[in-house]
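Notes to accompany the following structure.
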Amino acid sequence: MGGDFGPSITVPAAVSFANQTPDVELILVGREEIIQAVLEKHKAASHPRITVCNATEVIAMDDPIEVALRRKKDSSMRVAVSLVKEGLAQTAVSAGNTGALMAVSRYILKTLPGVDRPAICTILPNQNDGPTYMLDLGANVDCEAEHLRQFAVMGSALVAAMEGKSKPTVGLLNIGEEEIKGNELVKATAVLLRHDHEKGIVNFYGNVEGNDIFEGTTDIVVCDGFVGNVALKTSEGLGRFVKIVLTTEFKRGIINKLGALIAYGAIKALSKRLNPSRYNGASLLGLRGLVFKSHGGADAYAFEWAIKRAYNAAKYDVLSRIVAVMAELIPQVPDAGASEAANEPTSTEPMMSEKKNDSI
């Protein structure tokens, strides 16, 4: 029900994905009468693998975390995450309020052992035709060095599970490669990661800069949520800008149009590689369940990619693999999710505004 466009985007995206993926079952959570109306519009009211779960409340994009967590207990977001908690779904996908989604998911699902704060992790393209995993991208605006260290370990576990790399490289985002550069947070984190590197916990490459993200210098780039979100939105804006400029210039004059016709194949491939919609869908890493966040302004094409990423994570049992790798990387840690109260955010907490039953 969330995001900038609600069911007018999320429902057709779900219908399209269900039609293309015969072994998926989708649960659409929200106000039943609204969802059913959109399903009927897209001639999918009787789809055999799409069901509707009614939720009477909706978390608005500007709702404070306290409202989302304590007052709207029958919100579509909370009901969807609860389905994951109860084992009725393997993963949840939302385009709604990021801070609310993180708070609700953390409260309902709890964090994995050894994790203080979950992080938002997504993939970005690089020139090596492979993914660069980057976290955090907005869940934690203010971080301590230990939090960034945990992000590095979680990212290593994720990449090891998804990419089959036993020792993925980790880069710490900074304003320069030299150890003397950066603020106190980055310097303190680098000390921890170098120590972990010596112990074999993470494969720490060192400091990396913004251009290294797209050069594919490391498999993982770690930063705090403030920096990560700015970097992500800037990258997306640049991608769209380049696409618009190319389109505009190739339409300017007969010679340019002729050049566009000759280079049509290359232009189409370039447009596809630079389209940020293809990389929509970020995982909330560090929870005892799979939750994926779509951009609030995503169109149906982009939201369908978010569903696809969540589906793949569920289908290949990524969560169990991450738990296993985390247990190996950080043995004998206290159970961070043992207490429900310990996971409930307060108003002062620095958080941002083989087949199974693959239900999402």
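The values are calculated or read from the model by the stated rules, or taken from the named source; none is laboratory data. Since the model is a prediction, treat every value here as computed from it, not as a measurement. With ideal geometry, Cβ positions are generated from the backbone for all residues, glycine too; neighbour counts draw on all protein chains shown. Side chains included, ligands, DNA and RNA excluded: accessible areas come from the protein's heavy atoms. Shrake-Rupley method; radii C 1.70, N 1.55, O 1.52, S 1.80 Å.
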Listed residue (VAL115, VAL104, GLN90) projecting farthest to the positive dipole end of region 32-117, Cβ model: VAL115
Fraction of beta bridges assigned by DSSP in the chain that are antiparallel (%, nearest 5): 35 percent
Any aspartates and glutamates whose Cα falls less than 19 Å from that of LYS73, other than same-chain ones fewer than 8 residues away, would be GLU32, GLU57, ASP62, ASP63, GLU86, GLU340, GLU344
Work out the FRET efficiency for THR51 and SER320 from their Cβ-Cβ distance, taking R0 = 30 Å, and round it to the nearest 0.05. 0.75
I need two numbers for region 193-233: Rg to one decimal and Dmax as a whole number, Cα atoms only, in Å. 11.6, 35
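Provide the FRET efficiency to the nearest 0.05 for the SER166-ARG240 pair, computing r from the beta carbons and using R0 = 30 Å. Provide the component values of the computation, followed by the final result.
Numbers: r = 36 Å, r/R0 = 1.21.
Efficiency, rounded to the nearest 0.05: 0.25.
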Which order do you get for ARG288, ARG49 if you rank them by accessible area with a 1.4 Å probe, largest at the top? ARG288, ARG49
List the trypsin sites (Lys or Arg not before Pro) in region 90-169 that DSSP assigns to loop (not H, G, I, E or B) and whose Cβ has at most 15 other Cβ atoms within 10 Å. Which are they? LYS165
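Given charges of +1 on the Cβ of Lys and Arg and -1 on the Cβ of Asp and Glu, with all other atoms neutral, how large is the dipole of the chain about its Cα centre, in debye to the nearest 20?
Working: 38 positive and 42 negative charges, 255 e Å.
It comes to approximately 1220 debye.
Loop only by DSSP, 10 or fewer other Cβ within 10 Å of the Cβ. Give me the GluC sites (Glu not before Pro) in region 158-250 that pass, ordered by residue number. Intermediate results must be reported in sequence, preceding the final value.
Working: sites: GLU163, GLU177, GLU178, GLU179, GLU184, GLU198, GLU209, GLU215, GLU236, GLU249; in loops: GLU177, GLU178, GLU179, GLU209.
In loop regions of region 158-250 (DSSP not H, G, I, E or B), the sparsely surrounded GluC sites (Glu not before Pro) are GLU178.
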Separation of the LYS199 and ILE175 label points, Cα + 7 Å toward Cβ, nm: 3.1 nm
Percent relative contact order for region 219-309, counting Cα pairs under 8 Å at least six residues apart, stands at 21 percent
Out-of-range pairs (alpha-carbon distance over 29 Å; input LYS72/LYS272; LYS110/LYS308; LYS167/LYS308; LYS199/LYS308; LYS41/LYS85; LYS268/LYS308): LYS72/LYS272; LYS199/LYS308; LYS41/LYS85
To the nearest 20 debye, what is the magnitude of the charge dipole of region 102-197 about its Cα centre, counting +1 on the Cβ of each Lys and Arg and -1 on the Cβ of each Asp and Glu? 300 debye
Whole-angstrom gap from region 49-65 to region 190-259, using each part's C-alpha centre: 33 Å
